[in-house]
Amino acid sequence: MPRKPAQTNEDSDHEKVVTLPNIEGDKDEIGNLSRMLAAVLDYLSDDEVEEIDIEYILDKTEGLREWWDRYRESNRKLIEEEIRESLGELSLEELQRIREQIKEK
């Protein structure tokens, strides 16, 4: 029977990265997220709080500001990637308008 040719790294279109789960680290992260969520919900459910102050929540909840900054940075990378992928679909005029907007900043 004919055999399937072996696939080399050059032939594969996508790299596969396999990471082993860090169960202990995940438990710590889950515990931290649960604690931060509880603190935020306590603040939000407080009847004496008339106006929600996000800066107060970020300052008074240990670790929340750092988590939020990491989250925003990872989200930024996703947005940048989406923009890069969509540039090929834009017309020259649209690309020039974007270029001018960037130069204005």
So for region 69-78 (the condition being surrounded by 10 or more Cβ atoms within 10 Å (Cβ to Cβ) and part of a loop (DSSP other than H, G, I, E, B)), does at least one residue qualify? no
Go through region 41-55 and count every residue that is surrounded by 10 or more Cβ atoms within 10 Å (Cβ to Cβ), within 24 Å of the chain's Cα centre (by Cα) and not aliphatic (A, V, I, L, M). 1
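Being exposed (fewer than 10 other Cβ atoms within 10 Å of the Cβ), polar (S, T, N, Q), in a helix (DSSP H, G or I) and at pLDDT 90 or above, is that true of even one residue in region 28-40? It would help to see each step written out before you state the result.
Within region 28-40, the subset exposed (fewer than 10 other Cβ atoms within 10 Å of the Cβ) is none.
No, there is no match, as no residue in region 28-40 is exposed (fewer than 10 other Cβ atoms within 10 Å of the Cβ), polar (S, T, N, Q), in a helix (DSSP H, G or I) and at pLDDT 90 or above.
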Does Arg65 meet the test of being in a helix (DSSP H, G or I), within 24 Å of Asn32 (Cα to Cα) and touching a helix residue (DSSP H, G or I) at 6+ places or on another chain (Cβ under 6 Å)? yes
Please state which of the following conditions Ser45 fails to meet, knowing it meets all the rest: (1) polar (S, T, N, Q); (2) in contact with a helix residue (DSSP H, G or I) (Cβ under 8 Å, 6 or more places away or on another chain); (3) farther than 17 Å from Asp69 by Cβ. (2)
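The values are calculated or read from the model by the stated rules, or taken from the named source; none is laboratory data. Keep in mind that what you see is a predicted model, and the values were worked out from it rather than measured. FYI the Cβ positions are ideal-geometry reconstructions off the backbone, even for glycines, and counts take in every protein chain you see.
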